[in-house]
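No lab work stands behind these numbers, since they all come straight from the coordinates. Quick caveat: nothing in here was measured; it's all calculated off a predicted structure. Methodologically, a virtual Cβ is constructed for each residue, glycine included, from the backbone with ideal geometry; neighbour enumeration extends over all protein chains shown.
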Amino acid sequence: MTIRDLVVEQAGKAPGAIAVGAPGREPLTYEGLLDQMDSVHRSLRQAGIAQDGRVAGVVPNGPESAVLFASVAASAVFAPLNPAYNEAEFEFYLGDLGVNALVLPRGSGSASRHAA
């Protein structure tokens, strides 16, 4: 079974059940998680990233990183990177991984922007 299969199964049983939650944040249901996964899938394919494509994500720990991890991993190879890396570390990891895409939070000042 894939990550997506598991989410599809749970969304079929209890679409309104909470899939991802955190204090002070709006919970994400299994139905919402499945919608997010499908949206990411379409975006990756439209960008030309195949199932074996490599995507790195630079997102702080939290519910957003969990959703990003599940969403991208359902459609491509995903490598989470530490937002605290410096530019040289990003250059090394991005080069070593051979990423096809890099996901950053909107307005990010991450050193990964310079390394990409």
If you go through the stretch 52-63 one residue at a time, do you hit one that is of a type outside the set (Lys, Arg), within 17 Å of the chain's Cα centre (by Cα) and more than 17 Å from residue 106 (Cα to Cα)?
yes
Can you pull out every residue in the stretch 45-81 that is polar (S, T, N, Q), in contact (Cβ under 8 Å) with a residue 12 or more places away in the chain and over 19 Å from residue 3 (Cα atoms)?
none
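Taking the stretch 72-96, which residues are among the aliphatic types (A, V, I, L, M) and closer than 22 Å to residue 37 by Cβ? Step through it out loud before you land on a result.
Let us first name the residues in the stretch 72-96 that are among the aliphatic types (A, V, I, L, M), namely 72-74, 76-77, 79, 81, 84, 88, 94.
Residues satisfying the conditions are 72, 73, 74, 76, 77, 79, 81.
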